[in-house]
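Notes for the one structure printed next.
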Amino acid sequence: MEVRARFLTEEVGSCPPHVGVLLDNVPEYLFTLGGAALSGRVVVGLNPTRRGEELARDVRHADCQIVVTDQAHAALLDGLDLGVANGRVFVSDTDEHEAALEAFRSVDSTPLRGSPAPEDLLLLIFTSGSTGAPKAVRMTQGRAARNDGKVMGFGPDDALYCAMPIFHSNALSSMVFPALGTGATLVLARRFSASAFLDDVRAQECTFTSTVGRVLTYILATPETDRDRDHRLKFILAPESSAVDMKTFRRRFGVPVFGGYGSSENAITMSPSPGQPPAALGVAGEGIDAAVVDPMTMQECPPARFDDDGKLLNADEATGELVGRNVLDRFEGYYRNDEATRERTRGGWYWSGDLAYRDAAGIFYFAGRNADWLRVDGENFSAAPVERVIERHPDVSGVAVFGVPDERTVDDQAMAVIEMRDGTSFDPVDFDRFLSEQRDLGTKWSPRYVRVTTAMPVTATNKVDKAPLRRDRWMPVNGDDVYWRPDRRDPLRPLTDQDRTLIRSRFAESGRAEVLDR
């Protein structure tokens, strides 16, 4: 790492000392990260699934002076305007680059500065960008050092399997830095593979891994074998996984799976509470004053109430935005985006942008993103509780619920996009029967539109990406089948081109045809 530290000291100036890294999970990523930590430089994790101008925008926005990549990714940068990094792309797995590093192996080659201070910037971590241009979250040396893994109970005998991309905070905070802080072994997978997951974990005797989004779904889709429980995994961290997948994974592989809550911004964290319901996030981390607040009134929402079957009785009043009332010191802001930083920290609180509700015992539940609010026939509710109901269907492997325009009013209609398990097919009659049997499905929650897709769109970190789904709505794309209820009380039936013409004419009659063009 000292060799990379000297290399970065020579190649990356001090204003700003930013180096973009466009790599999969390979040792060079860690060497560059360590070199940046020693030399006071800043690593900018670049997302290799972004392309063209979007990728160039990230490089320019973060003021990268150089970009370190490899032969597998170098072509992604060809012809792009990288700002000050133009002509300063270093391809790490070449003889030329290795020869350049050789000059820095001498201790006399380039002096290193003194130890960086805790408040010095170490990383810029881009958010997923599913609701707009990605924001670059600041992570200081001190914040990285505090993710030392001791709270997780790791030690030198543990091996942490890292298949999440290192440019994402999940990999850094739950595996990379904890391994460095506890002496645990860090096992890198170049990228996630469901088919290789258990073989890797078994071969490297891994004791822990962390995932996000639909990773458990993909692993569960692999064929069962008589060696599914032949491994050393102690537990898995899997935020944003479905309760059904978590339960199924534990039953099949014999591994406890915990959800929890966190984000790249690191302001609010949640940890599991013993005996909590499977769908819960958990309780606020130590010293964190978290609350669910109505953003209009700034008042805390009443606790969630449930009936004997677990049905949420007061979703409208109990759901609000998750805020941290004493955590501004934990959030280190966004790089070159003061407006977004102010929005997150208005009124002296940290506003997560996530919807939630909390029960009387202080256990929090995720209710979706800010964009996941729906208002159907005058009733407000969020998408996540509806998704949790639909994902109980034994043939459904993934679901996304969101609001689409109502042709008659300014309210929404609920739409669900579902992915079926291999070997199954969608039956609208069976699906309606299933919905009718779910006692905790709100009276306005039943989707009026249902799209059946072969592959749910996901971000680079395997979170469901609703942006393209909202854009496509009920239009014919990718050969997906779409069903609808002409009236909210009608049974589902296939939506035809004639139906789409009828829907458009209804919007025109109400003077709102432009809504469909947004």
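Beta carbons within 10 angstrom, averaged per residue: use that to sort the peptides 494-501, 394-401, 350-357, highest first. Could the numbers behind the result be given before it?
Details: 494-501: 12.8, 394-401: 20.5, 350-357: 22.9.
Peptide ranking by packing, descending: 350-357, 394-401, 494-501.
Among LYS444, LYS311, which comes first, second and so on when ranked by fewest other beta-carbon atoms within 10 Å?
Working: LYS444 20, LYS311 16.
Least crowded to most crowded, the residues run LYS311, LYS444.
Suppose we keep just the DSSP beta bridges with both residues in the chain; what percent of those would be antiparallel, to 5? Each step should come with its number before you reach the end.
Details: 46 of 76 bridges.
So the antiparallel bridges amount to about 60 percent of the total.
Between MET475 and SER436, 0.36 nm times their residue separation minus their Cα-Cα distance comes to what? It would help to have the intermediate numbers written out before the result.
On the way: separation 39, 0.36 × 39 = 14.04 nm, distance 2.65 nm.
Here the answer is 11.4 nm.
Once the piece of chain linking ARG146 and ARG375 is laid out straight, how much longer is it, given 0.36 nm per residue of separation minus the C-alpha distance between them? Intermediate results must be reported in sequence, preceding the final value.
On the way: separation 229, 0.36 × 229 = 82.44 nm, distance 4.14 nm.
Additional length available on full extension: 78.3 nm.
Going by a ≥ b ≥ c, the root eigenvalues of the Cα gyration tensor, does the stretch 1-140 fall in the rounded group (a/c under 1.5), the prolate group (a/b larger than b/c) or the oblate group? Provide the component values of the computation, followed by the final result.
Working: a/c = 1.95, a/b = 1.30, b/c = 1.50.
Oblate shape, in that a/c is at least 1.5 and b/c is the bigger or equal ratio.
Would you mind computing, in nm to one decimal, how far apart the modelled labels at ARG250 and LEU328 are, each placed 7 Å from Cα along Cα→Cβ?
For ARG250 paired with LEU328, the spin-label model returns 3.9 nm.
If you take the beta carbon distance between MET296 and ASP427 as r and set R0 to 45 Å, what does 1/(1 + (r/R0)^6) give as a FRET efficiency, to the nearest 0.05? All intermediate terms of the calculation are to be shown ahead of the outcome.
On the way: r = 42 Å, r/R0 = 0.92.
So, using R0 = 45 Å, E works out to roughly 0.60.
Would you please put 80-86, 381-387 in order of how densely packed they are, using the mean number of other Cβ atoms within 10 angstrom per residue and starting with the highest?
On the way: 80-86: 16.7, 381-387: 24.7.
Going from most to least packed, we get 381-387, 80-86.
How high is the FRET efficiency from THR443 to GLU343, r the C-beta distance, R0 45 Å, rounded to 0.05?
Working: r = 34 Å, r/R0 = 0.76.
Plugging the Cβ-Cβ distance into 1/(1 + (r/R0)^6) gives 0.85.
Going down the list LYS135/LYS247; LYS234/LYS311; LYS135/LYS311; LYS135/LYS444; LYS150/LYS234, which pairs span over 25 Å between their C-alpha atoms? The partial results should precede the final answer.
Working: LYS135/LYS247 34 Å; LYS234/LYS311 32 Å; LYS135/LYS311 37 Å; LYS135/LYS444 35 Å; LYS150/LYS234 15 Å.
From the list (LYS135/LYS247; LYS234/LYS311; LYS135/LYS311; LYS135/LYS444; LYS150/LYS234), the Cα-Cα distance tops 25 Å for LYS135/LYS247; LYS234/LYS311; LYS135/LYS311; LYS135/LYS444.
What is the spin-label model distance, in nm, from ASP499 to ASP228 if the labels are put 7 Å beyond Cα along the C-beta direction?
My value for the distance between the label points is 3.6 nm.
Among the aspartates and glutamates, select those whose C-alpha is under 17 Å from the C-alpha of LYS466, and discard any that sit fewer than 8 residues away in the same chain.
The reachable aspartates and glutamates, counting only those whose Cα sits under 17 Å from LYS466, are GLU240, ASP354, ASP372, GLU387, GLU391, ASP412, GLU419, ASP480.
Using a simple spin-label model with points 7 Å from Cα along the Cα→Cβ vector, what separation in nm is obtained for GLU54 and ALA513?
If labels sit at GLU54 and ALA513, their model points lie 3.2 nm apart.
By per-residue mean of other Cβ atoms within 10 Å, what is the highest-first order of 165-173, 27-35, 267-275, 483-491? Numbers along the way, then the final one.
Numbers: 165-173: 23.6, 27-35: 20.0, 267-275: 17.3, 483-491: 14.2.
Sorting 165-173, 27-35, 267-275, 483-491 by mean packing, highest first, produces 165-173, 27-35, 267-275, 483-491.
Quick check on the chain: helices-only [θ] at 222 nm, where DSSP H runs of length 4 and up contribute -39,500 (n - 2.57) each and the sum goes over total residues. Nearest 500, please. Write out the running numbers ahead of the final one.
On the way: 15 runs with 127 residues, N = 518.
Counting only the DSSP helices, I get -6500 deg cm²/dmol.
Laboratory data are not the source of any read-out in this text; all were calculated from the coordinates shown. Treat the numbers as computed from the prediction; the structure is a model and nothing was measured. Every residue, glycine among them, receives a Cβ derived from its backbone with ideal geometry; neighbour counts consider all protein chains shown.
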